[in-house]
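Reviewing the structure listed below.
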Amino acid sequence: MMPPAETLPDSIRHRLNELGIEDAKIDWSIAGDLTADGDLGERWLVLADGRLLVISPADSRPAVDLSLSRITRVTAESLVGCGALEATVDGRTVEVIRYTNAVAADFTRAARRLEALVKQESPPKEAPDETRRRCPRCRRRLEQGTNVCPACLSKAQVLRRLWPYTARHWRKAVFIGALMLLGEAAGLTQPYLYKIAVDRALAPEGEVPLPGTRIGLLGWIVLAWLGLQLLSTAISVVRGRLSAWLGARISFEIRANVHTHLQRLSLAYFDKRQVGAVMARVTQDTGALHDFLVEGVQYFIVSVLQLVGIGVVIFWLNWQLALLVLVPAPIMILMSRLIWRRLWRIFRRFWHSWSRLNSVLNSVLSGVRVVKAFGQEDREIRRFDDRNVALFETAVRAERLWATYFPMLTTVTMMGSFLVWYVGGRSVIAGTMSLGSLMAYLAYLWRFYGPLQMLSRITDWLSRSLTATERIFEILDARPEIADARDAVELPAMRGEVAFENLTFGYDEHKAVLHDINVRVTPGEMIGLAGHSGAGKSTLINLLCRFYEPNQGRVTIDGIDLRKIRLEDLRRQTGVVLQDPFLFSGSIAENIAYARPESSREEIIRAAVAANAHEFIMKQPDGYDTEVGERGQRLSTGERQRIAIARAILHNPRMLILDEATASVDTETDKQIQDALAHLVRNRTTFAIAHRLSTLRNANRLIILEQGKQAETGTHEELMAKADGVYRKLVDLQTEMSRIAAVGG
Amino acid sequence: MTETDITTEEGQHLPALPRIDPARLRLFRTGDHRVRATIEGDRSYLRVSISRAFPLSDPHRYVGLRDGAQKDIGLIVEPAELDHQSRQIIDEELRRSYLLPTITRIISLKREFGMSLWEVETDRGRAEFTMTSGQDNIAELSATRLVLTDIEGGRYEIPDVRRLDSASQALLDQVL
C-alpha cells in the first residue's frame, strides 16, 4: 500500500487530466523544490497509472514520464546542499528529480518506497518521523530536537502544568500574595500623606489654625510617614526573601526532575540528539524558567497592582488630570519597546564579541606550545588585536546607545509631569484644586510610569520563558523506550549462558545493521568478535547490554529473553571495558569503585593489583587519591585502560564485554594490559571485540561479521583451515602488518 | 590561498600533487547522465564523480575526480585549461552537485521566538528559510563574506555584505 498522497495543486491535476490520467488513478505525489536547471522552483513527482512523472506548474508537458515496468532501481543520491532521485531505466541511470536538503528526508523515503514497488517487494516499514521539522498547525519550521512550536504553544496550558510545582508550596505562595497587597497599600498611602501635610499643616486654606497645632499635626504626619516607610521596607524584605526561595525552589525541583528523567531515558534518545542541545535544555531553559519565576512573576504582579492601584487613585483625585497623564503613555510604551529591542540587539552583539575574544584567547593559551613551536606569536597577537578592536567598537556602540536613549526616555516620562504642573497648577490658582492634591498627584505620577514601561516588555519575556518551560516539559514527557517489563524476572545469579536467536536489528528500522545472527554461548566461554569496521560488532554488544532492543529475533541469557530480565540484575552482572575508557573526574580510587562505591580500600587495591595498575598508581604522588582530571585526561591511554579493567574486576560481573583498544601502546604496556585482561576473563562469559592476534587466538570461539551478517563462526584453528575464509584473510593481513612493523620498528 | 601555493621552492620535499594533465583529459556524457573520463595514454573511467577541494575558498579550481568505486583519480588544478566540452561538463556537474545559492537581496527578515525567518532573492530564485538565532549558523569566512546555514542544513552565501542594497544590509544588521 502506498502512503496517502500529498494534496496535489489543481494546476498539476489539470495537467495530468490533459495527459489522460484521471484523478482516481493518481496513487501518490510529492513536491520537489528544484528545477531541472538547479534553480529553486516547484516541481512534483507523481506516481499515477503505472507511470512515474515529473511535472512543474509552468510546463505543459511532463519533464519525466517513465513507465514503472521499465524501471529496475530507484535511489536517492545525496549531494552537497541538495539531492537527486535517480532511476535505472533499461540499464541506464537517469536523474528523475532534484530537491534541496529541506525535503531530502521525504525523498529518501519516497525512493525506498518506489524501489520496493518496482522490485515488487512489500514496502518498507517506516518508523514514524519522530522529530518533526514543521509545526503541523502553522507550518513554521521547528528548531532541531524539539517539537514545541513557540507560536502555537498554549500559554495557559503551560502555566497549568507549572501549577502543581507551585501548589506544593501554596502556603508560602498565598503569604507572598498577601504581602504584595499589603506592601502595595502601604506604598499607595504615602503620597496621600503629602496632601494631608500640605493642605492641613503647611498651607491650610480658609481658617488657619495656630502654628503650634499645625506643628503638632506635622509631627504626627511625619511619624505616620516614617511608620509606613518602615512597614513597607519590612514587607518588601520579607516578600523578596520568600519569593526568591520559592522561585529558586521550583526551578530546583524542575531541574532535578529533568536530570533524573534524563538518566532514565534510553540511549536511543541521546543518539537522536546532540549533547549540546540536551545540555541547553537542562541549563539554559531551566535558567530562563528560574529568572521568570524569581523575578518575572513578581515584577509582573507588582506592576499590575501598582498600575491598577495608582490608576484608581489618580482618577479619584482628579479625573480630568488623569486623562492628561495618559496622553504621553502610548508614546512612552512605543518608545520603550523600540529602545529595548535595539538595546537588546546591540548588547547581544556585544556579548558575541566577548565570546569570540574568549575563544581566541582560550585556543591560543591551550595551544601555546604549538604557537611557540612554530613561532607564530605575531600572528596570534594580530588575531587577538582584531577581535579586541571589534569588541571595543561594539562596546562603544552599546554604551553610546544606552547613554543616548535613557535620557530621552526620561524626558518623555517628564512630559506628563509638565502637563500636570501646568494644568494642575492653573486649577490650584483658580482654587478648584488644593495644593496638597497637586503634590500628591505628582508623586503618584512618578510611580505610575515605571510599571507601564515594565508591562510593555512583559509579553516578550513571557513568551520566551514559556517556550523554555514547554521545552523542559517535552523532555519530561519523553518515555524511556527500554524499561523493565511488567512481568520482569529476577536473575540474582546469572550462569552466563547467552544465545542470539535470529537476531535482526537496525538503528533505523528500515536500515538493518545486523541480519539474522544465531549463536549459542556456554557459561565461561570467551567469544571474539571480529570483522571490518562498520560490520556490526559494536551493535551486537549494544544489543547484549540491552541499550537497544532487537527488531526481530531475540537475545537470551540463561534461557530467558533479555527483555524479561530485570534491568538492575542485568547491569549488576555485566561488566564493560571500552576501547577508550571513560573516566569520570574524581580520584583513581573513586573511578575503580564506580560500580561498587561501598568497596573497601583494600578491595580497591586488590583490584588494581589484578589489573596491573597498582604499580603506576603508587608512583603518583597522590597514589589512589590522584585526581584523573576531566575524562581522565591526566593519565595515558594505557593507564586509563588498566583503571577501567580494575573497575571491571572489582565489579565482578558474570558477563564481561571488552572492546579491545586499537590504539598502539608500547609492548611492555600491552603485555601488562593483556595479563590484566587474562585475569579478568577467567570464568566469565566474555565477548571481546578483538583486533589483536593474541586475543583472537585466546578466544574459545570467534564470530566473524561481514556487513551485518554472520560470515563465519568457529575456533581459530577451524577458521584458519578455510582457505578462502574472511578470518584467514584478516589474520594474514595482520601478520603481514606486524612483520612490517617488526622490520621497520 | 593564493596562486603561489601550487609549487613553491620550499615544497620540494612534498609528494607531487595528484594532478591530472588537462591536455590529456577528456570528459564525455554517456547516454544517461553519468560522466565518463578518458585520460589519453592511460585509461578510461566509466563513471566519475566530480568534487571541489575548496568549495568555499576556491570553488573554480582544484576540482577532484573519483571513479565509480569512489577512489581518487586526481585533481584538475585549472578546469579552464580543459577543452570546451569537458569544461562544460565540469561546470554542469558542479552546479548540479553543489547547491549554495547566493543571496542577492533580503526581502524580509523576521525574528520571533528565538528564530529568524528569511525571505531572500538568490541567483537560483526566491527562497524562504528559517535559522536558529545562534551565531553558530552564520559562518564569517571573512569580514564581509557570510555563509548561512538554516535549520534543515541548507546553505546560502552572501559573497560581500557591502554589495547588498542598503535595505538588505539594514535587515542583515539585525542578526549580526
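Every read-out reported here was derived from the displayed coordinates using simple, explicitly stated rules and does not represent laboratory data. What you see is a predicted model, and the numbers here were worked out from it, not measured in a lab. In this analysis, Cβ positions are derived from the backbone assuming ideal geometry, glycine residues included, and neighbour counts consider all displayed protein chains.
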Using a 10 Å cut-off around each Cβ, can you sort A:Phe392, A:Phe292 from fewest to most neighbouring Cβ atoms? A:Phe392, A:Phe292
Cα pair distances of the stretch A:364-518 binned at 10 Å [whole percent]: 7, 12, 13, 12, 15, 14, 12, 8, 5, 2, 0
What does the extension gain come out to for A:Glu668 and A:Leu202, with contour length at 0.36 nm per residue minus their alpha carbon separation? 158.0 nm
List the relative contact order of chain A as a percent without decimals, with contacts defined as Cα pairs under 8 Å and 6+ residues apart. 10 percent
Residue-span extension gain [A:Arg160 to A:Leu334] - 0.36 nm each, minus C-alpha spacing: 59.5 nm
Pairs A:Lys119/A:Lys564; A:Lys537/A:Lys722; A:Lys172/A:Lys195; A:Lys537/A:Lys564: which exceed 28 Å Cα-Cα? A:Lys119/A:Lys564; A:Lys172/A:Lys195
Length-normalised contact order of the stretch A:485-598 in % [C-alpha pairs under 8 Å, at least 6 apart]: 32 percent
May I ask you to list the aspartates and glutamates whose Cα is less than 13 Å away from that of A:Lys25, ignoring any residue fewer than eight positions away on the same chain? A:Asp49
Here, A:Asp732 and A:Asp59, labelled 7 Å along Cα→Cβ, have an inter-label distance in nm of 5.3 nm
Which ordering of B:Arg47, B:Arg52 is given by a fewest-first count of other beta-carbon atoms within 10 Å? B:Arg47, B:Arg52
Which aspartates and glutamates, on any chain, are close to B:Lys71 with Cα under 20 Å apart, when same-chain ones fewer than 8 places away are left out? A:Glu77, B:Asp21, B:Glu40, B:Asp42, B:Glu93
So for each of A:307-315, A:433-441 I average, over its residues, the number of other beta carbons within 10 Å; can you give me the resulting order with the highest mean first? A:433-441, A:307-315
The simple spin-label model distance between B:Asp173 and A:Arg596, using points 7 Å out along Cα→Cβ, in nm, is 6.8 nm
To make sure I understand, if each residue's beta carbon is the centre and we count other beta carbons within 10 Å, what order do A:Ser60, A:Ser585, A:Ser417 fall in, fewest to most? A:Ser60, A:Ser585, A:Ser417
Could you work out, residue by residue across B:150-157, how many beta carbons of other chains sit within 10 Å of that residue's beta carbon, and then give the average as an integer? 5
Taking only DSSP H segments of four or more residues, each worth -39500 (n - 2.57), what value at 222 nm results for the protein assembly as shown once the sum is divided by all its residues, to the nearest 500 deg cm²/dmol? -15500 deg cm²/dmol
A chain fully extended from A:Asp37 to A:Lys172 at 0.36 nm per residue, minus the present Cα-Cα distance, gains in nm 41.9 nm
What nm value, rounded to one decimal, do you get for the distance between A:Arg356 and A:Glu474 when each label is placed 7 Å out toward the C-beta? 2.9 nm
Equivalent-ellipsoid semi-axes of the protein assembly as shown, from the Cα gyration tensor, Å, largest first: 64, 42, 30
Low-density loop positions, GluC sites (Glu not before Pro), the stretch A:546-646 - DSSP coil, at most 16 other Cβ in 10 Å: A:Glu598
Using alpha-carbon coordinates, inclination of helix B:84-97 to the longest axis of chain B, degrees: 40 degrees
Could you work out the mean count of beta carbons from other protein chains within 10 Å of each residue's beta carbon in A:76-83? 5
Relative contact order (%) - the stretch A:5-131, alpha-carbon pairs under 8 angstrom, separation at least six: 17 percent
Using 1/(1 + (r/R0)^6) with R0 = 30 angstrom and r between the beta carbons of B:Ala139 and A:Asp675, what's the FRET efficiency to the nearest 0.05? 0.05
